[in-house]
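Read the structure below first, then the notes.
The values are calculated or read from the model by the stated rules, or taken from the named source; none is laboratory data. A quick note: this is a predicted structure, and the numbers were derived from the prediction, not measured. Positions of Cβ are generated from backbone atoms using ideal geometry, with glycine treated the same way; all protein chains shown enter the neighbour counts. Heads up: the accessible areas ignore ligands, DNA and RNA and are worked out on the full protein's heavy atoms, side chains in. Shrake-Rupley method; radii C 1.70, N 1.55, O 1.52, S 1.80 Å.
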Amino acid sequence: MKKIALLLSCLALFVLAGCGTTPSASDAKKDSVELQVSAAASLTDAMNELAIEYAKEHPQTKLVFNFGSSGALQQAIENGGSADLFFSAAQKQMDALEKAGLLADGTRKNLLENEVVLIVPKDGGKAITSFDALATPAASRIALGEPKGVPVGQYTEEILTKLGILDQVKAKAVYGSDVRQVLSWTETGDADCGVVYATDAAISDKVKVAAKAPAGSHKPVIYPAAILKDTKHMDEAKSFLDFVSSEKGMAILEKYGFKAAGK
């Protein structure tokens with residue numbers, strides 16, 4: 001009888017131990033992490049593909065994107081908006097966040113380079129073949145990024161100032177809230193032409209590149225990235241930023257026309 005009792009006690013302990021090590025549904029849910037990623041609108045397509053590939057290796061991390069103009073995203077972060085990472089289309093917005101002490105130390109990096117181009121509708125567009133033509137009657141409605149908060153608009157003003165035609169173009173400009181709105185207006189013919197990044201032009205079959213920005217007419221288009229200081233998921237944020245910066249991540253970005261910064 002003593003042997004039977006001992007056997008039953010051991011069996012009970014074994015069952016209890018097994019129950020203690022079996023993960024519950026709530027435990028699995030607790031392990032999942034949601035990362036809030038604020039990214040420039042021009043990164044939309046590339047980021048969506050990066051997320052698909054990242055999920056294959058990190059199924060417990062859910063990426064939630066907030067796409068928009070870098071200026072609007074910067075302001076949202078400064079006003080307490082939720083974000084774990086920020087991918088900007090210009091240094092200006094990242095500089096502002098760093099000055100405000102909102103970036104995690106040592107996480108900022110220059111990630112990508114892009115180009116500024118002039119686009120026209122692919123079919124039925126006017127004969128606009130250079131940035132100088134924006135000051136002529138050939139262009140009567142010009143789509144530009146709003147220069148206060150949209151980096152492509154800031155680069156555009158640099159170009160137009162360098163060419164000495166900023167005032168003439170301003171009189172004919174319609175300003176979009178981000179680069180994708182500029183692209184959309186040009187695609188539909190609501191604007192005779194628009195100024196976007198080369199990567200935006202590349203994803204559309206409704207526009208064509210009329211001209212590249214003249215060499216030396218604007219600062220290099222550098223996309224910095226950083227983790228926000230207040231993130232509660234530092235390890236996961238570092239993991240995603242490392243993935244984006246990896247050979248596999250850069251291959252996806254290069255597919256959309258981006259170049260690694262410094263190359």
Of Ala139, Ala133, Ala143, the only residue that is assigned by the TED database to the domain that holds Val179, surrounded by 15 or more Cβ atoms within 10 Å (Cβ to Cβ) and either among the acidic types (Asp, Glu) or assigned to a helix (DSSP H, G or I) (or both) is Ala133
Margin query: Given the condition β-branched (Val, Ile, Thr) and over 21 Å from the mean Cα position of the chain (by Cα), answer yes or no: does some residue in segment 73-86 qualify?
Written below: no
Exception for Gly124 within (1) surrounded by fewer than 16 Cβ atoms within 10 Å (Cβ to Cβ); (2) touching a Phe, Trp or Tyr at 6+ places or on another chain (Cβ under 9 Å); (3) outside any strand (DSSP E or B) falls at (2)
For segment 53-85 the number of residues that are within 22 Å of Lys148 (Cα to Cα) and of a type in the set (Asp, Glu) is 1
Practice task
Go through the residues of segment 228-241 one by one and say whether even a single one is in contact with a helix residue (DSSP H, G or I) (Cβ under 8 Å, 6 or more places away or on another chain) and small (Gly, Ala, Ser).
Solution key: no
Within segment 157-187, the residues that are touching a residue at least 12 places away in the same chain (Cβ under 8 Å), β-branched (Val, Ile, Thr) and more than 19 Å from Leu73 (Cβ to Cβ) are Ile159, Ile165, Val169, Val174, Thr186
If we keep only residues of segment 20-49 that are open to solvent by 40 Å² or more (accessible area, probe 1.4 Å) and at pLDDT 95 or above, then the residue nearest to Met94 (Cα to Cα) is Gln36
Taking segment 146-159 and keeping residues of a type in the set (A, V, I, L, M) and crowded, with 24+ Cβ neighbours inside 10 Å leaves Val150, Val152
